[in-house]
Ligand SMILES: Nc1ncnc2c1ncn2[C@@H]1O[C@H](COP(=O)(O)OP(=O)(O)O)[C@@H](O)[C@H]1O
Ligand SMILES: [Mg+2]
């Protein structure tokens with residue numbers, strides 16, 4: 001596998017530095033602890049930073065308030081059958097922003113992403129996209145509206161590279177898919193060379209690249225990525241990060257679920273999720289400085 005030689009085409013500037021750090025201060029969660037349960041604060045010491053309790057943030061159920069807010073998640077509860085996994089998650093993604101959802105194994109990251117795309121029902125709370133409630137919408141409606149989901153597997157191994165990409169562009173006219181595929185193949189030369197081969201014949205790293213190409217072909221407004229690093233050796237993780245840096249255009253916001261803190265490099269801000277609750281949120285710098293993040297995740 002090689003790193004993509006292609007750079008964004010002329011007129012497609014790098015996303016570097018284009019995403020403004022959000023002006024919010026680091027905050028403890030507004031997820032409501034149960035009665036009698038202590039607030040999960042004190043997760044970091046005062047170090048002169050602006051960690052604060054969440055004031056002035058929207059209450060559960062209220063739509064997002066900031067003008068550039070793309071996704072607003074309020075008090076979301078979800079799970080499987082009788083088993084509740086998410087216990088009132090609040091999270092925002094602004095337009096053009098990359099948000100990292102950090103959490104250990106079984107924290108509830110995949111459950112949250114599945115709930116956001118509509119593969120799992122939202123039991124309580126609300127999900128708003130561009131100001132509109134979408135939590136009762138079917139997944140295909142959310143996809144048509146501009147949300148894409150890259151699962152941990154990312155691709156269909158038995159389908160060819162071309163077919164996987166065609167699926168990613170399922171809701172688009174064929175001509176548009178072909179045109180965008182050509183552009184993506186410049187970014188992913190390994191895929192171009194094997195475009196008729198089954199995805200299952202690709203290396204782990206190449207499969208991730210295909211997974212990324214498959215979701216990028218739709219040019220989504222919001223891309224939900226579930227553990228793009230999973231199953232990859234560190235050298236390939238670096239390549240995935242590099243590819244995301246160079247291939248994500250201005251128009252796409254990202255919500256990346258990860259256990260690997262290396263992805264903080266891409267993030268404007270992030271959330272630490274633990275046992276289905278937001279434990280901590282803040283800007284990249286705040287999370288990098290956070291004891292909770294450092295203690296839990298560095299050295300993974
Ligand atoms: N399909 C499923 N059916 C039942 N329980 C599940 C399913 N998927 C995940 N879980 C459970 O939900 C909890 C959160 O899992 P998950 O969202 O996959 O965490 P993460 O993605 O952060 O590793 C875990 O306790 C896990 O065992
Ligand atoms: Mg997961």
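What follows is calculated from the coordinates using simple rules that are stated; it is not laboratory data. Just so it is clear, the structure is predicted and the values come from calculations on it, not from any experiment. Heads up, the Cβs are rebuilt from the backbone with ideal geometry, glycines too, and the neighbour counts pull from every protein chain shown.
At a 10 angstrom cut-off on C-beta neighbours, averaged per residue, how do the peptides 270-279, 112-121 rank from highest to lowest?
Taking the mean over residues of other Cβ atoms within 10 Å, the ranking is 270-279, 112-121.
Please report, for the Cα atoms of region 157-217, the Rg to one decimal and the Dmax as a whole number; what are they, in angstrom?
Answer for region 157-217, Rg first and Dmax second: 10.2, 30 Å.
What nm distance separates the two modelled labels at residue 285 and residue 233, each placed 7 Å from Cα along Cα→Cβ?
It is 3.7 nm.
Please compute the volume of the convex hull spanned by the alpha-carbon atoms of region 215-266 and report it per residue in Å³.
77
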